[in-house]
Structure formats: structure tokens, C-alpha cells
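What follows is one structure encoded as C-alpha cells, with my remarks underneath.
The values are calculated or read from the model by the stated rules, or taken from the named source; none is laboratory data. Everything numeric here is computed off the predicted structure, so don't read it as measured data. Positions of Cβ are generated from backbone atoms using ideal geometry, with glycine treated the same way; all protein chains shown enter the neighbour counts. Ligands, DNA and RNA are excluded from the accessible area calculation, which covers all protein heavy atoms including side chains. Shrake-Rupley method; radii C 1.70, N 1.55, O 1.52, S 1.80 Å.
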Amino acid sequence: MDASYEIQPDEIEILIVEDSPTQAERLRRLIQSMRYKARVAGNGRLALEAIRERKPHLVLSDIVMPEMDGYTLCRAIKTDPELRDIPVILVTSLMDPKDIIRGIECGSDNFIRKPYAEDYLLNRIGHMLMNQKLRKNQNMEVGIALYLGDQKHFINAERQQILDLLISTYEQAVQVNSELQARERQVIELNMRLAHHAGELETINREIALKNLELAEASRMKSAFIANMSHELRTPLNAIIGFTGALLMKLPGPLTAEQDKQLNTIRTSARHLLSLINDILDVAKIEAGKVTLELETVQCQELVTDVVDTLRPLALQKGLALEIDLAPGAVVLETDRRALTQILLNLGNNAIKFTETGTVRVTLALRPAEGQNVIEFSVADSGAGIREEDQGKLFQAFSQLDSTSTRHAEGAGLGLYLCQNLANLIGGSLFFKSDFGRGSTFTLALPRRA
């Protein structure tokens, strides 16, 4: 290049017009890094005052500013014969084709698109400064009228200025296109990753489906095993209980005292084992969803009286008082009689089992709650109670509390777990309160539907 067109940075001063102090400072540091001098004005009005005070070699202006925007500033510079030779670069988003027309109308020499790359901005500044030297004596003007949309525009500008502005716009379009292509490549790469992940997810779904089939088959085999076990275990146990009862009735002949004692032990143990097996089978059926409810009209006072009569021999055997407290008036409920009876029997058996002296009370009460009547079946005892730290595991399957007062008690730890599941099945809730050393109260609450 001819040496006469070379730029000496130390001799160049650039005016930055920017209302954002942060952006202005960023531009000032960037421009000074190239050894250009830099001044800053906060808006178009202050910039015009600074230009008339001392002409800069180039104006770099934002468009959107208070008091006087970039278009108005550029027009003021280009219509002033003493200032019109100053190159003006407008910083814009170029979101509308009219931005270009407005830039040409006001006499802008170049556009820089936001957001801009710093090296590109410095390159455009250098290019404009060199063009300023080349065009010093080329002042031919040309007028062009054009329509954009429904508006007519008249452009009165130098051909070189129009060419520079259009070239800068084209360069910005090329840059935007490059960015779009880069983003398109990123999208393609992301789509490939998504397709890969989708393939992995499909494989996992197939594995889960296979495992579900295996679980379903295991559940079927479990149900078949439970049904078989029900027959294989209950039949001989019932036979043992039946034959033992016949012997105790002395049907085959008289028994000695020792024989009578041993036969009673056999019958008690067989009944206990049958009870455990029944609990295990009932829990398995509930967990497998095999329990079918048979709803019927239940007279609650009669049901509670029957349960208490069933429990009375066990209470008498331990020397406990078994009391009953029934609500006045008939209390009728539509529910599964067998499930309700089993819950109350289990709660009553537990109360008697864990009470050494005192009283077990079975209560039937009717109370209003949340716009409807609730039927409450409560079993209270004067037993050992439950420690606070043990209460959280009370309704867990196969859980037995290991305390001085309960260590001797027999059972598989399924009674309360079974009661809670049955309560849920018939639409009720089971809860308790306990005072360690003083006793516990277990309550089954059932909504009374009209």
C-alpha cells in the first residue's frame, strides 16, 4: 500500500458516543489498546458539542440514546459543511431493513452490528480511517428516491459512502450467516446426541419391560405357591387340631393327667401355628391384590358384642376384665364384615396378649368430622404401653417390639401390619396413642356413608 495512505495511530482521535458507562469504558479501553486517542460523550447532544469544540477523526456512536439519538447526531454532522467529512459508524442491532435506510438517509458511513467482535470493530475503524484519506477530494453527490414498504425515502449521499455502507451491511449479513451455520451445526450435533440417548432409552425401556414380565411371572408363581401352601399346611394342621380335640373329649377312651396336659399343649401350638400361617397368607393376598371385598350391611353393636364374646375366654384365662362400651342407637355400616371382624379380633388379641393385669375396653362411638359422621372402634388396654422410640416401627411387617414386658409374647409381627392393610382396603384409617407404662389405645375410624 502507498505510504501516503498509512495511518499513524498516535495522531488519530475517536469520539465514542454511548450512554452506558460500562459499554463506553469497554470501547475506550479497546480503542486505546490500538494507540488511538479516545473521548467519550454520553449522548448525541454532548457529542455534537464535543465535535464542534475539537473535530475527531471518527465518530463511533450508539443509536438508542436519550436527548439525541445516533441517527439525529449523524444527520447533524453530515449536514454541517465543516463536519461532514468526519466518518460516522453507527452501532445497531440491524433488526429491520429500515435501519439501513435510516442510516443512509442520515449519512452514516458504516454499520457495526450488536453484539460485535472486538477484532472486527477495530478492523472496520481502520478501514474507515483509510477510506477517509482516499475520499478527501471526491465530493460528488447523487440523489436516489426509493420506496420501502409504504414509505418513500430520498437518499442524498456520496456514491462511495453508499457503497461502503452497503458493503458493511453485506459483511454483517455474512457474519450473521456464519453464526447461523455454526448454530445449525450445533443443533445437528445435539440432534445426533438426542437420537443416541433416545436409542439408549429405548433399550432401557425394553429391559424394564422384560423385567416387568419376569416380575409378573414371579408374582404368578408366588400366588400359585401361596395357594398350594394354603392347602398343604392348613389341611394337616386342621387334622391335628381335630384329632387332638377328639382325644381331649375322651372319645377313644380315658386319658391320664400327663396325656391331657400334652394334648392341650399340642392343640395350643397347632392353633398358634395355624394362626401364623393364616396371617402370612392374608398379607400375601393383600399385597398381591387378590382380596375381594364383599360389602354388606353390618349392625356394628352386634358385631362388637360378638368379637368381645369371642375374646372373653382369653381374657378370663389371664384374669383380665373385658369391658364393652357401645354408642346408643343403632349404628349401621356398609362394609366387609370379615375384614372388620378380623381387625377388631387382632386388636383385641394384642391388647389381651400385652396386658398382664387390669382391663381391656372395646368401645364403639359415633362422632362428627368434616361434614360427615365417623364410626370409631377403639380397643384400650392397661398394659405396658409402647416406648416413643418404638412407635415408628409398630405397623411394619414382621416387626416385634423387644421390651421387658413384650419379649415373651408370641407372634410373627404381622398382626398390626395386617390390620392397617385391611383398614385401608375398607376405606378406614388405623391410629393409636400410647403412654409407656400405662397402656395403649388403638382406634379404627370408618366414614359412615348415607
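Structure data summary
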quantity: Point-to-point label distance, Arg26-Ser178, nm (Cα→Cβ direction, 7 Å offset); calculated: 1.9 nm
quantity: Distance (nanometres) between label positions extended 7 Å along Cα→Cβ at Ala330 and Asp390; calculated: 4.3 nm
quantity: Length added when fully stretched, Ser269-Asp119, from 0.36 nm per residue minus Cα-Cα; calculated: 44.6 nm
quantity: Of Lys78/Lys114; Lys37/Lys98; Lys261/Lys353; Lys250/Lys353; Lys55/Lys98, pairs whose Cα-Cα distance is over 26 Å; calculated: Lys37/Lys98; Lys250/Lys353; Lys55/Lys98
quantity: Counting DSSP beta bridges with both ends in segment 250-397, the antiparallel % (nearest 5); calculated: 70 percent
quantity: Sites Glu296 and Ala369 - FRET efficiency at Förster radius 35 Å, r taken between beta-carbons, to 0.05; calculated: 0.90
quantity: Formal net charge of residues neighbouring Asp80 (Cβ-Cβ distance under 11 Å; K, R +1; D, E -1); calculated: +3
quantity: Contour minus Cα-Cα distance for Leu248 and Glu217 (0.36 nm per residue); calculated: 6.6 nm
quantity: Inter-label distance for Glu67 and Glu82, nm, one decimal - labels placed 7 Å from Cα along Cα-to-Cβ; calculated: 2.0 nm
quantity: With DNA, RNA and ligands ignored, accessible area of Glu118 (1.4 Å probe; Å², nearest 10); calculated: 80 Å²
quantity: Among 196-204, 78-86, 51-59, the order from most to least packed when residues are scored by Cβ within 10 Å on average; calculated: 51-59, 78-86, 196-204
